[in-house]
Amino acid sequence: MKPFPIPFLLLVALGGVACQDAPEARSTSAPNVALTAHATQRAAFEIVGADTLSDSSRITRILPEPDGDGVVVQFADPARRVSSGLAIIDRKMAQPQLLWPDSVMAVWWTGPHMLAFTTTTGSGIRLIVDVHAATVSIADTTRTGISKPPEAGTVDRSVTERATAYIDSLHLQPSGIAQTSSLKYSLTRVVLSPDGTMAAFHSAARDPSGGLTNPAWFVLDRTSGTVAPLDRITGAGPELHADAGEWSGNRSFLYAKSGSVWEAEIQRTSSVPSSG
């Protein structure tokens, strides 16, 4: 199916959830918070190096460089029997460049422009000292200090509860029970911004056959509880993969959509309502 039209610019300021009782009156000094989410395509992911990917290809994970200059992606291309390739999208590159053809397992940044990854073939860690070099050099290493970092900790319960309440309200399913559709929407992933003030969350519906459909990304301001939509697709879940989304800084969120990498810029504004 075709993706939802070019991502939209929306302001959503929700102090409560539509399906619940009316919230208590706010103090006149409490700020109103609005989020503006504007997404643009950063790079197409149809040609990697000298090869054109098949229609079955998809991005399965995104790993932005800490300085935002490059974005490493893991991808699959079943028609070409690629289960987990590795490529980089650099702002100075005309198109994505291949880093490793297949069998990639874990990937992480170890320093400025330095990338480490492991594969199902061979042992140890493979290291790229400069991912932006004209000719990328990959070496096997046993150096200390570049082991895989620990997994992200558990997301605060208040974040998952707010995200779930928003999804249930949006799709008219009080207490998570669908009222007007056979589709049941649920929270599929939450990603906190580096400073912890924002959270991007992903939702999708499960159809009667068990497949995921109608995926969407949203952003939540943790202080106010305000939520703004980032992007969505009507159709297959892999077109907006839950695992292919990460923050690049505290106000920039990168995600994969229909064979491309997109970047959503988040702006937060607040105002104190007048007493009159």
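Some points to look at:
- Contact map, region 39-64: first residue touching a residue at least 40 places away in the same chain (Cβ under 8 Å) and on the phi > 0 side of the Ramachandran plot, second residue surrounded by fewer than 20 Cβ atoms within 10 Å (Cβ to Cβ) and among the hydroxyl-bearing types (Ser, Thr, Tyr), Cβ cut-off under 8 Å, separation 6 or more or different chains; the map is empty.
- Failed condition for GLN41, given (1) assigned to a strand (DSSP E or B); (2) closer than 16 Å to VAL131 by Cβ: (2)
- Set side by side, the residues THR160, THR120 differ, and just one is loosely packed, with under 15 Cβ neighbours inside 10 Å and of a type in the set (S, T, N, Q), which is THR120.
- Just one of the listed residues (VAL131, VAL159, VAL191) is out of contact with any helix residue (DSSP H, G or I) (no Cβ under 9 Å at 6 or more places or on another chain), under 30 Å from ALA94 (Cα atoms) and modelled with pLDDT of 95 or more, and it is VAL191.
Each row is one residue, and each column tells you yes or no for (1) surrounded by fewer than 19 Cβ atoms within 10 Å (Cβ to Cβ); (2) closer than 25 Å to ALA43 by Cβ; (3) at pLDDT 90 or above.
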site	(1), (2), (3)
GLN97	yes, yes, yes
GLY124	yes, no, no
LEU127	yes, yes, yes
GLY196	yes, no, yes
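- Residues of region 198-224 classified as at positive phi and surrounded by 14 or more Cβ atoms within 10 Å (Cβ to Cβ), total: 1
- Selected residue (only one of ILE177, ILE138, ILE146 is in contact with a Phe, Trp or Tyr (Cβ under 8 Å, 6 or more places away or on another chain) and β-branched (Val, Ile, Thr)): ILE138
- Residue satisfying all of: in region 223-254; farther than 19 Å from ASP195 by Cβ and assigned to a strand (DSSP E or B); modelled with the lowest pLDDT among these: ALA236
- Residue count, region 183-221 (criterion: assigned to a loop (DSSP other than H, G, I, E, B) and closer than 19 Å to ARG232 by Cβ): 3
- Within region 73-131, tally of residues that are touching a residue at least 40 places away in the same chain (Cβ under 8 Å), on the phi < 0 side of the Ramachandran plot and not in a strand (DSSP E or B): 5
The values are calculated or read from the model by the stated rules, or taken from the named source; none is laboratory data. These numbers were taken from a predicted model, which means no experiment stands behind them. Here Cβ is always computed from backbone atoms with ideal geometry, including for glycine, and neighbour counts include all displayed protein chains.
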